[in-house]
Structure formats: structure tokens, C-alpha cells
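Below: the structure, in C-alpha cells.
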Amino acid sequence: MAEFEGLLFLLLYLAAQGLTVWAFADSLVRPAGAFVATGKLTKPAWVAITALAAIIIFLTQNPIALLGLPAVIAAVVYLVDVRPAVRGLPRGNTW
């Protein structure tokens, strides 16, 4: 039974780490103007939030811990709410 729990926690950790790193990488490649245009927090704020989330998951290695759960929630909020809004805007000066 301990092997199953260890494997389950490893899978949870890998999924959470992948999710937070994905959110961080995506926040880096989006144009800064898109964040402001959609009424979201600024790009530096989201980059910092998602980077902190990835660091917390990496250091705690427990996505269901006291700090791990808010880190995962922050990444999910970015991917579900912010990313679709900023992804829909064109890149560059295509006015």
C-alpha cells in the first residue's frame, strides 16, 4: 500500500509541477499589452505569481500542502482565466 501512495504523490507532484511551469512559460511569451488590454493584472505580476507557484511546488514537492495548494490554484487561475483572454489578442502592432 505504501508503494501505491508513493506513486500517487509522485504523479500529483509531477502534474502540479508541469502545470505551474506551463503557466509560467506561457505568461512569459504573451505580450505585455494584452494583459492590460483585457483588464487583468500586469504581465510582471503574472510572471511573478506563476514563477513563485512553480518554485513553491518544486521546493515543497507536495501539491496538497499548506503552500502547495494555493500555488496550484494560482496556476489554474492563470491557465483558465487569464490565458484565454490574452491569447485571443493579436501579437505586435497589427492595428
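Read-outs throughout are calculated quantities, based only on the coordinates presented, and are distinct from any laboratory measurement. In this text the structure is predicted, and so the values were computed from the model without any measurement. We place every Cβ from the backbone using ideal geometry, glycine too, and count neighbours over all the protein chains shown.
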- How many residues are out of contact with any Leu (no Cβ under 9 Å at 6 or more places or on another chain), part of a helix (DSSP H, G or I) and either over 30 Å from residue 6 (Cα atoms) or among the polar types (S, T, N, Q) (or both) if we restrict to segment 25-74? 9
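Does any residue of segment 14-24 turn out to be touching a residue at least 60 places away in the same chain (Cβ under 8 Å) and either in contact with a Leu (Cβ under 8 Å, 6 or more places away or on another chain) or part of a loop (DSSP other than H, G, I, E, B) (or both)? Reasoning before the result, please.
Taking segment 14-24 and keeping what is touching a residue at least 60 places away in the same chain (Cβ under 8 Å), we get 19, 23.
Next, from what is left, pick out any that are either in contact with a Leu (Cβ under 8 Å, 6 or more places away or on another chain) or part of a loop (DSSP other than H, G, I, E, B) (or both): 19, 23.
Yes, segment 14-24 contains a residue that is touching a residue at least 60 places away in the same chain (Cβ under 8 Å) and either in contact with a Leu (Cβ under 8 Å, 6 or more places away or on another chain) or part of a loop (DSSP other than H, G, I, E, B) (or both).
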- What are the residues in segment 40-60 that are touching a residue at least 40 places away in the same chain (Cβ under 8 Å) and within 15 Å of residue 89 (Cβ to Cβ), if any? 40
- Query: Quick one: in segment 20-71, which of the residues that are of a type in the set (Ser, Thr, Tyr) and within 14 Å of residue 87 (Cβ to Cβ) is surrounded by the most Cβ atoms within 10 Å (Cβ to Cβ)?
  - Reply: 27
